[in-house]
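One structure is given below, encoded as structure tokens.
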Amino acid sequence: MANTLACSAFLLLAVPALAAGAPETDKARLLQDAAARVLPAGGHHSRVALGDAVVKLVQAGVLDAQKFEAIYARRGGMPGELKDVLTKPSYEPILLTRANAGVYVNLLWPLGLANRLRANDTSPLNGPSRFNFASTGGWNLGRLPSGGDYFNRFAIVELSPQQEALVVRLARAIYRPCCDNSTFFQDCNHGSALLGLLALGAAQGLGEDELYREAVAFNAFWFPDNYVQTALYFKAVKNLDWAQIDARVLTSAAFSSASGWRKNVANELATRGLVPSQNGPGCSA
């Protein structure tokens, strides 16, 4: 908390990089630069690998290979680097790109949903309504009818007590701009996917700072418009480059929840004439 508050105080002292009434060419240049920094052309070189997690999901029936392949057959097929992901472990770190970001949502979604965490005993999903959330009721690519049947059921990624505590602490602090719930309250596909990513990263030895950076990168590729505009806000208003912003600030409720993003990014940019007024994103992948 101290780091977040200190960073926020620093942001308030930053000098704007773009004055009100700046030429449209300057606004366009800043937006293009923000997009290049948030969504690098070469993708995000993650430190997290899928390992054998997807294969275990298939073996447990959480992910039905035939259903999954049928979905992507209609979309032109799986990306080449993921053609064997359902049958073979993958120990190469993930290279997340604009082309495969949606596939990774659907690979990590069932992981966050089904992976056993002791803390999930107190999850808002753990109750009679667990079949009614977008993350549970929306998952229909398993052998059973609903993702609610799989919630918190399998030890896909085994974590030490210390690793699980780290995952849960970060999950409670990290938000996404499609709703106002934390990652621990995984009420949508992106929440489940990010919880799965955090579990993988912690099991593979990543620490808090590294996990926060991974969360920013994956959220950015999953919600590109939001995070490009967030980068534009920090550059145009606070004169801070993307790499200078604390990942804890970027993933906080103030900048990554739906209401926080609208208030602190979208409305601020619209007031300054940097972007039109807009609605928030959805959870399709």
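Derivation of every value follows stated rules applied to the coordinates shown; laboratory data play no part. Keep in mind the model is a prediction, meaning the values are calculated, not measured. Backbone-built Cβ (ideal geometry, glycine too); neighbour counts: all protein chains shown.
Length available on full extension from N140 to E268: 0.36 nm per residue minus the Cα-Cα distance, which gives 42.2 nm. Please list, or write none, the lysines whose alpha carbon is within less than 25 Å of the alpha carbon of K235, excluding same-chain residues fewer than 8 places away. The reachable lysines, counting only those whose Cα sits under 25 Å from K235, are K27, K263.
Taking a straight Cα-Cα cut-off under 12 Å and skipping sequence neighbours fewer than 8 places away in the same chain, the aspartates and glutamates within cross-link reach of K88 are D52.
Under 23 Å Cα-Cα from K83, which lysines qualify once same-chain neighbours fewer than 8 residues away are excluded? Once the sequence-local lysines are set aside, what remains near K83 is K56, K67. In the elastic network of the chain, a GNM with C-alpha springs shorter than 10 Å, the most mobile of L82, L198, L117 is L82. P(r) tail for the chain: Cα pairs beyond 24 Å make up 50% of the total.
Ranked for footprinting exposure by Cβ neighbours inside 10 Å, fewest first, K235, K83, K56 give K83, K56, K235. Each helix, a run of at least 4 DSSP H residues, gives -39500 (n - 2.57); summed and divided by the residues of the chain, these come to -14000 deg cm²/dmol at 222 nm. For the chain, what does the relative contact order come out to in percent, with C-alpha contacts under 8 Å and a separation of six or more? Computed value for the chain: 25 percent relative contact order. Between R169 and R98, residue separation times 0.36 nm minus the direct Cα-Cα distance comes to 22.7 nm. Close amide H pairs (under 5 Å, H built 1.01 Å from N) link N239 with A17, residues at least 5 positions away or on another chain.
Can you tell which of R29, R75, R116 shows the greatest fluctuation in a Gaussian network model of the chain with Cα springs below 10 Å? Among R29, R75, R116, the largest mean-square fluctuation in the Gaussian network model of the chain belongs to R75.
Does region 185-265 come out rounded, prolate or oblate, given a ≥ b ≥ c as the square roots of the eigenvalues of its C-alpha gyration tensor, rounded meaning a/c under 1.5 and, failing that, prolate meaning a/b above b/c? It comes out oblate by the Cα gyration axes.
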